[in-house]
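A short write-up of the structure that comes next.
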Ligand SMILES: *Cc1c(COP(=O)(O)O)cnc(C)c1O
Ligand SMILES: [Zn+2]
């Protein structure tokens, strides 16, 4: 059975382009392109046969199908030959049962999808493996691509740099100066990417990289490139798979450029069309109050939308005022009974720390999602009995500085309510025993 996918203009004209063409917008009408699949061919295999196939491959050893992205290759990117796939065993991340945290806030069934447990420490790997694999194939076909470039709030560049280094493809990353964590900055440097720090914000970097990529020999890896969405959409499929193909009631996801929330919805729509699921979860998109253009639009019932100037936030990966995928995201939220909620710096940092005290190690973006969850539960918009999934987007280890500052009470606009401190004592047993006795619960 031959499965097929291609770029298709979704702004009205329906023009199609092959996936191995260097193209980001429709040549006829300048519309957005989305990867489209031959759903007829996919429907020839029944839903239960798909589920069995995906389960048989899940986290096994048959390369590249053990990757939870490539285990769903027919739904993701059948165009890439197995030999051209650039995979580092993406996906298959832990679905953490946040039992204690759930109980504290009155939820019976709370889970955290640990996307930070991917190769470079964020969900960006799910999409990057698809994009770099496709470009790897294009290079082998002799398309004269010299490098892959991206603008990034940190994690995209780390992911691009790693996948390119693995495949031996040069990469270029543009980062906003002083706006990504040290850990995020050192990742592309260590992987040998040409790392350019620009004295601007993310939106400024995006403008430059789009100009750079007008030169046909440099391929653009931004989330406007819908190949990445194809990989990222597997997160929703994987969550359902991890619950033996049951759909949860609510999924909360932090949003910046809004590619990921769009991808999440896309995965569910595909499962629905192919008969794997017959209901939809409610999707909650959580934004930082300092970078909340989607939230503002939500308050108008999505009637109005205007880009904003995003202010500095601890949730640096979502400090975006002019999201590329705004329209895709609004469409997705409308289809999934969506809610948009925002969180202040104080709410974000305290939500992270509260979660950490129950065994998590949250990045600030996961904190945005948790803070939104706390508010929605309090307002009764999420019910006690709902099965709720938080999408944790990055590994907390990338944000050591943020965590140190929280526990040292040095974060702007944050009053730490879950502050922990080191106990300093002389190296004498009697002194240690006395203090332990005082501090431990009886
Ligand atoms: C990229 C990123 C996001 C935001 O995803 P979008 O697709 O831009 O909405 C959230 N959290 C982390 C850690 C990220 O790296
Ligand atoms: Zn078009």
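The values are calculated or read from the model by the stated rules, or taken from the named source; none is laboratory data. What you see is a predicted model, and the numbers here were worked out from it, not measured in a lab. Cβ coordinates were reconstructed from backbone atoms using ideal geometry, including for glycine residues, and neighbour counts include every protein chain displayed.
Yes/no matrix, rows are residues, columns are (1) surrounded by fewer than 17 Cβ atoms within 10 Å (Cβ to Cβ); (2) within 23 Å of residue 159 (Cβ to Cβ); (3) within 16 Å of ligand 2 (Cβ to nearest atom):
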{"position": "354", "(1), (2), (3)": "no, no, no"}
{"position": "388", "(1), (2), (3)": "no, no, no"}
{"position": "391", "(1), (2), (3)": "no, yes, no"}
{"position": "396", "(1), (2), (3)": "no, yes, no"}
{"position": "400", "(1), (2), (3)": "yes, yes, no"}
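Against the definition (under 23 Å from residue 371 (Cβ atoms), more than 12 Å from ligand 1 (Cβ to nearest atom) and either at pLDDT 95 or above or over 17 Å from the mean Cα position of the chain (by Cα) (or both)), how does residue 272 come out, yes or no?
No; evaluated as a whole, the condition is false for this residue.
Conditions tested, residue by residue: (1) within 14 Å of ligand 1 (Cβ to nearest atom); (2) in contact with a strand residue (DSSP E or B) (Cβ under 9 Å, 6 or more places away or on another chain).
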| position | (1), (2) |
| --- | --- |
| 355 | no, yes |
| 372 | yes, yes |
| 377 | no, yes |
| 420 | no, no |
**OP:** Quick one: residue 45 ticks every box in (1) assigned to a loop (DSSP other than H, G, I, E, B); (2) more than 16 Å from ligand 2 (Cβ to nearest atom); (3) within 26 Å of the chain's Cα centre (by Cα); (4) surrounded by fewer than 18 Cβ atoms within 10 Å (Cβ to Cβ) except a single one, so which number is it?
**Re:** (3)
Original post:
residue 74: out of contact with any helix residue (DSSP H, G or I) (no Cβ under 6 Å at 6 or more places or on another chain), in a loop (DSSP other than H, G, I, E, B) and away from ligand 1 (no atom under 16 Å from the Cβ), yes or no?
Top reply: no
**OP:** Taking residue 230 as meeting all but one of (1) farther than 28 Å from residue 140 by Cα; (2) under 21 Å from the mean Cα position of the chain (by Cα), write down the number of the exception.
**Re:** (1)
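Taking helices (runs of 4 or more DSSP H) that fall entirely within the range 268-367, which contain at least 1 residues that are touching a helix residue (DSSP H, G or I) at 6+ places or on another chain (Cβ under 8 Å) and touching a residue at least 60 places away in the same chain (Cβ under 8 Å)?
326-335, 345-356
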**OP:** Within the range 1-12, work out how many residues are loosely packed, with under 14 Cβ neighbours inside 10 Å and within 16 Å of ligand 2 (Cβ to nearest atom).
**Re:** 1
Original post:
Going by the conditions given, is residue 334 within 16 Å of ligand 1 (Cβ to nearest atom), closer than 30 Å to residue 156 by Cα and surrounded by 12 or more Cβ atoms within 10 Å (Cβ to Cβ)?
Top reply: no
**OP:** Consider residue 170 carefully, then state whether it is surrounded by fewer than 17 Cβ atoms within 10 Å (Cβ to Cβ) and touching a helix residue (DSSP H, G or I) at 6+ places or on another chain (Cβ under 8 Å).
**Re:** yes
Subject >> Unmet criterion (only one of (1) surrounded by fewer than 24 Cβ atoms within 10 Å (Cβ to Cβ); (2) within 13 Å of ligand 1 (Cβ to nearest atom); (3) more than 21 Å from residue 398 (Cα to Cα)) for residue 183 >> reply: (3)
**OP:** Find the residue count for the range 248-257, including only residues that are within 16 Å of ligand 1 (Cβ to nearest atom) and not in a loop (DSSP other than H, G, I, E, B).
**Re:** 4
**OP:** Read through the list (1) part of a loop (DSSP other than H, G, I, E, B); (2) within 16 Å of ligand 1 (Cβ to nearest atom); (3) under 25 Å from residue 66 (Cβ atoms), then give the number of the only condition that residue 245 fails.
**Re:** (2)
**OP:** Inspect the range 122-133 for any residue being assigned to a strand (DSSP E or B) and over 19 Å from the mean Cα position of the chain (by Cα) and give the result as yes or no.
**Re:** no
Subject >> Criterion: in contact with a strand residue (DSSP E or B) (Cβ under 9 Å, 6 or more places away or on another chain) and within 16 Å of ligand 1 (Cβ to nearest atom) - qualifying residue of 95, 32, 19 >> reply: 32
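Quick check on the range 70-87. Is at least one of its residues within 16 Å of ligand 2 (Cβ to nearest atom), surrounded by 15 or more Cβ atoms within 10 Å (Cβ to Cβ) and without any contact (Cβ under 8 Å) to a residue 60 or more places away in the chain?
no
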